[in-house]
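To start, the structure itself, in structure tokens.
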Amino acid sequence: MKRTAALLRALAAVSLLAGCSSYRPAPPAFHAVLAQPYHLGAGDQVRVTVFEQDGLSNTYSVDQSGYISFPLVGAVPARGHTTKQLEREIANKLRQGYIRDPDVSVEVARYRPVFVMGEVGAAGQYSYVPGLTVQKAVAMAGGYSPRANQESVDITRDLNGKVLTGRVATSDPLMPGDTVYVRERLF
């Protein structure tokens, strides 16, 4: 009997430790990226304005390959670029025999969505807006379920082509393309 009780306690301790072993605090890069200029990715839409060229000014989507398809010049790399870098890239391509001195402006028209999963009312894909926090994203997803851990969540974020997951507080800001996972509380 004592042996069985000791075995059960040991199994319970191992189970609790195994549950904690997946815990990964957010790496420093999670918060450092928030102070950097925004880098475009697949799913973003950009509004490109070419001064005095109404036929070229339009909204373009960054495709899964990371390019926008721009009239006259074709595919222009956008993934990983800031809007300023994309402006220069488009202007350089237009200078190559199309427009003498193009004045190009690029702004984000629509950010790629965030995804909210786990213990929420309506898991799914939601539009990103600047200033979006974990708590606001959970509210958009119908709030917490009765079993939800409301203190912290796991976020999966693509940082410079490397996908990282970390645990953050619900007050933390989100980035476009983030996946939020609300865990079930233990008790």
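Which one of these does V114 not meet: (1) over 14 Å from the mean Cα position of the chain (by Cα); (2) over 14 Å from E184 (Cα atoms)?
Failed condition: (1).
Within segment 174-187, count every residue that is assigned to a loop (DSSP other than H, G, I, E, B) and either under 17 Å from A32 (Cβ atoms) or not charged (D, E, K, R) (or both).
Looking only at that region, the number is 7.
Of all residues being in a loop (DSSP other than H, G, I, E, B) and among the small types (G, A, S) in segment 1-60, which is modelled with the lowest pLDDT? Just the residue, please.
S22
Tell me which residues, restricted to segment 95-114, are in contact with a Leu (Cβ under 7 Å, 6 or more places away or on another chain) and at pLDDT below 95.
Scanning segment 95-114 gives Y98, P102.
Residues that are crowded, with 16+ Cβ neighbours inside 10 Å, at least 2 per element: which strands (runs of 3 or more DSSP E) completely within segment 95-173 meet that?
So the answer is 104-110, 114-118, 152-159, 162-169.
The values are calculated or read from the model by the stated rules, or taken from the named source; none is laboratory data. Fair warning: this is a prediction, and the values are worked out from it, not measured in the lab. Every residue, glycine among them, receives a Cβ derived from its backbone with ideal geometry; neighbour counts consider all protein chains shown.
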